[in-house]
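*Asks:* Here's a structure for you.
The values are calculated or read from the model by the stated rules, or taken from the named source; none is laboratory data. Note that the coordinates shown come from a computational prediction; the quantities given were computed from them, not determined experimentally. Please note: Cβ atoms are built from the backbone with ideal geometry, for glycine as well, and neighbour counts cover all protein chains shown.
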Amino acid sequence: MKYGIYIGLALLLCQAPLCADTLYMKNGDRISGTLNSVSGGTLVFDTEYAGSLRVSMKAVSGMDTEKAYDVRLNSKSLMKGNLSFDDEVLSVVSATGATAIEAGAIVQLNENLLSNTASERDWSSRLDINANLSSGNTDSFVFGIAASSTLKKEFSEHAVSLKWDREESENVTTKDQADIDYAYKRFMSEHWYLSGNGEYFADPIKEVDGRITAGGGAGYQFWDNSLGALSADLGVSAVYEDLGAETETNPAVRWSLAYKRFLLGKRVQAFHNHQILKILGSGKGEVISADTGVRYAVNSHLDALFQVDLVYETEPAPGQKKSDLTYKVGVGYKF
C-alpha cells in the first residue's frame, strides 16, 4: 500500500489537537494521526482523513507519540513510555530515561487506558443485526438486534445496551426476549471502582412478563487498553418479577464479568460477557446470562459477527426448559 497520497491530506486536514502522533515510513513518508496499537506484526494508526490504517511493521522506521504506551519487544521485555524518533533512532522515553529500540523489535504495543485517563468524553456505539428466513417443509423467521453505547469520562463510565430476539415457526412465536441494561463505574483508583446497575428483562414465552434488577457493588478493572479489556464486579441487587399470575420482590447477589480482546492487527475481536444473579427468595435459584462471540472487521466501521447467547434459569416456570441457547450470524456497525 502506498502512503504518499495521505501526506497532502494530512497537511490540509490534520490539526495539532487531533493529530498528536507521527508515523515514519521507511520510504520517507510521514503520516499524522493517533497511534492505536501493534499486534500480529500489524500497526493500527487512526487518522481523521483516511480512517484506521493497518500498516506492516516491516514498513515502519519510527514514530512520535504524545501519550505513554506499553511496549513489548521480541525479547519479551516490557517497557512503558512515550515513543520518540530522533536522529534516525527510535526510543522509549520513560521517567527513568530513554531506551533505544528497533521498530521491527516491537511485537505488541498498546495504550494503557487506565493510566492515560481521558479528560474529555470518549463516546462509542455499535449496532448488530442478524436475520434468517427459511421456507419449505417448515417456514421460520429469526430476527435479532443489539445496540450498545459507552461513554467514558476521566473517572467514570456509563454503558447502555439493548437486545431483542424474536423467532417464529409456522406463524407461531417461539421466542420473544427483550433485555435492556445500564452499567455505571466510578473509579476510586486505577483498577478499583464502585458499580451501579439496572436491567429490564422480559420473556413472555417463558412466563416472565418483566424482571427488573437494580443494585450496586464494587469491581476491579484488570486491564483496559487499546487491545482489550477485562473487568469483574460483585454486588447486591433488588429483583422485581412479574410472573403473570404473581409479582414479587427479592434480594439478590449479582456477579458479572466483561472481556474483549483484539487480535491480528485488530481485524478480529473475541468477546465474552456473563452475569450470574442469585435470587435469595425461597426456591428462586440462579439466573445466568452470557454472550460469547467473534467479530471480523471488514473496514473501520463494518464487521461480521458470530455469537452464542445463553440464558439459563435453575428454577424456571413450570413446564419451561432451564436453558435457552441462541446462535447468531450477522453484521455490525460501529460509530
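*Asks:* Say we look at segment 301-311 and pick out the residues that are buried (at least 17 other Cβ atoms within 10 Å of the Cβ) and not charged (D, E, K, R); which of these is nearest to TYR333 (Cα to Cα)?
*Replies:* The qualifying residue nearest to TYR333 (Cα to Cα) is LEU305.
*Asks:* In addition: Among the residues of segment 171-197, which ones are among the aliphatic types (A, V, I, L, M), assigned to a strand (DSSP E or B) and out of contact with any Lys or Arg (no Cβ under 7 Å at 6 or more places or on another chain)?
*Replies:* VAL172, ALA178, ILE180, ALA183
*Asks:* Restricting to segment 269-293, name every residue that is in contact with a strand residue (DSSP E or B) (Cβ under 8 Å, 6 or more places away or on another chain), farther than 16 Å from LEU310 by Cβ and surrounded by fewer than 16 Cβ atoms within 10 Å (Cβ to Cβ).
*Replies:* ALA270, LEU280, GLY281
*Asks:* Now for a separate question. Do you know which residues across segment 59-96 are touching a residue at least 40 places away in the same chain (Cβ under 8 Å), in contact with a Ser or Thr (Cβ under 9 Å, 6 or more places away or on another chain) and aliphatic (A, V, I, L, M)?
*Replies:* Residues satisfying the conditions are MET63, ALA68, LEU83.
*Asks:* Can you tell me which of LYS175, LYS163, LYS185, LYS152 is in contact with a helix residue (DSSP H, G or I) (Cβ under 9 Å, 6 or more places away or on another chain), assigned by TED's automatic domain parsing to the domain that holds GLN307 and not β-branched (Val, Ile, Thr)?
*Replies:* None of the other options fit; the residue is LYS175.
*Asks:* Now for a different question. Kindly indicate the residue of segment 122-140 that is crowded, with 16+ Cβ neighbours inside 10 Å and modelled with pLDDT of 85 or more and also nearest to TRP192 (Cα to Cα) among those meeting that condition.
*Replies:* Here the residue is ARG126.
*Asks:* Within segment 198-248, how many residues turn out to be surrounded by fewer than 19 Cβ atoms within 10 Å (Cβ to Cβ) and part of a loop (DSSP other than H, G, I, E, B)?
*Replies:* 5
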